[in-house]
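Read the structure below first, then the notes.
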Amino acid sequence: MKKACLFISGFLILLIIASVLFTLFQKNIHIGEKVAVVRIEGPIMDSKNSVDEIKDYVKDPSIKAIVLRVDSPGGAVAPSQEIYEEVKKATLKKKVIVSMGSVAASGGYYISAPANRIIANPGTLTGSIGVIMEIPNIEGLMDKIGVKTEVIKSGRHKDLASAFRKMGKEERVILQGVLDDVHEQFIKAVSEGRKNMRFDDVKELADGRIFTGRQALEIGLVDELGSLEDAIHVAAKLAGIKGEPEVVSKKESFSIIDILRGKFPKELSDVLPSVKIKYMLAP
């Protein structure tokens, strides 16, 4: 009986050791090489989730390539720039392929530019390399309802772009200067991301016009035409994955806490009027 107990105990210990060794072995050889799909959809008003997701996939040794699925008309400048920088850094360690959906314009193109390869559908709307600032003017409405505002400020430009009065000539010059600088940053970012395009080449196209995917291919803004499935296969091939890759992606979660933090679903994210400088395809 004692021998039987010793035998069973020894067998269980060997089983545990074998299980641990197998787990470690699996981690080292990374069975099932993967392609990760990061989805960026709707207006780009925040970068955190996209940046964190890209970082996670770059750190994960089982992820051999990343496909950025862009279906966005653009958005705020700073989040677009932050995603751009993260994509740029990711290309130093892994292959990053952009797959353009229905629209990947303005900020949607900005974040795509540094990828190793850009694949668009023939009918994708892209380009719109430009900057826009929208300033609501409710002066007439305030007059109609009999409401006046009193402004106390530390300098004459502290209420720059006020919605309660008409914009002055000096203000327009100042704001145009800001937009011109941001526009130049956009052109520079595209020319650095698209190795085949010089600054002046991009500048010629950077008047806000849009292009179909097929037109964008002809002028060098994208590398080839194809679907998301095509982009996944290109990513796998460039990463040296043999056979069919395992495709992984994260589902976007949304809660009431996000609303309290000022984050809204993409369908509602641009409802409230406000003054923002945007890399965005204007409706």
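The values are calculated or read from the model by the stated rules, or taken from the named source; none is laboratory data. For clarity, every value in this text was computed on a predicted model and none was experimentally measured. Using ideal geometry, Cβ is built from the backbone for each residue, glycine included, and neighbour counts are taken over all protein chains shown.
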Inset, instruction - Would you mention how many residues in the range 113-141 are more than 30 Å from Ala161 (Cβ to Cβ) and either of a type in the set (S, T, N, Q) or part of a loop (DSSP other than H, G, I, E, B) (or both)? - result: 7
Inset, instruction - Search the range 94-148 for residues being of a type in the set (Lys, Arg) and closer than 24 Å to Gly226 by Cβ, and hand back the single one that is surrounded by the most Cβ atoms within 10 Å (Cβ to Cβ). - result: Lys95
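Pick out the one residue from Val70, Val77 that is closer than 24 Å to Gln215 by Cα and touching a residue at least 40 places away in the same chain (Cβ under 8 Å).
Every option except Val70 fails the conditions.
Yes or no, residue by residue, for (1) of a type in the set (Gly, Ala, Ser); (2) assigned to a helix (DSSP H, G or I); (3) in contact with a strand residue (DSSP E or B) (Cβ under 7 Å, 6 or more places away or on another chain):
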residue: Val38; (1), (2), (3): no, no, yes
residue: Glu53; (1), (2), (3): no, yes, yes
residue: Pro61; (1), (2), (3): no, no, no
residue: Leu68; (1), (2), (3): no, no, yes
residue: Gly75; (1), (2), (3): yes, no, yes
residue: Glu85; (1), (2), (3): no, yes, no
residue: Ile97; (1), (2), (3): no, no, yes
residue: Met100; (1), (2), (3): no, no, yes
Inset, instruction - Within the range 222-233, track down each residue that is in contact with a strand residue (DSSP E or B) (Cβ under 7 Å, 6 or more places away or on another chain) and either farther than 21 Å from Leu92 by Cα or at pLDDT below 95 (or both). - result: Glu224, Leu225, Gly226, Leu228, Asp230
Legend entry - Failed item, numbered, when Gln81 is tested on (1) part of a helix (DSSP H, G or I); (2) touching a helix residue (DSSP H, G or I) at 6+ places or on another chain (Cβ under 6 Å): (2)
Inset, instruction - Consider only pairs whose beta carbons are under 6 Å apart and that are at least six residues apart or on different chains; among these, list those whose first residue lies in the range 170-182 and is touching a residue at least 60 places away in the same chain (Cβ under 8 Å) and surrounded by 11 or more Cβ atoms within 10 Å (Cβ to Cβ) and whose second residue is among the aliphatic types (A, V, I, L, M) and in a helix (DSSP H, G or I). - result: Val182/Val77
Inset, instruction - Can you confirm whether the range 206-214 contains a residue that is among the small types (Gly, Ala, Ser), under 10 Å from Ala113 (Cβ atoms) and surrounded by 15 or more Cβ atoms within 10 Å (Cβ to Cβ)? - result: no
Inset, instruction - Give the residues of the range 183-201 that are under 18 Å from the mean Cα position of the chain (by Cα) and of a type in the set (A, V, I, L, M), sorted by residue number. - result: Ile187, Ala189, Val190
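For Glu192, indicate whether it is among the acidic types (Asp, Glu), more than 18 Å from Asn137 (Cα to Cα) and touching a residue at least 24 places away in the same chain (Cβ under 8 Å).
yes
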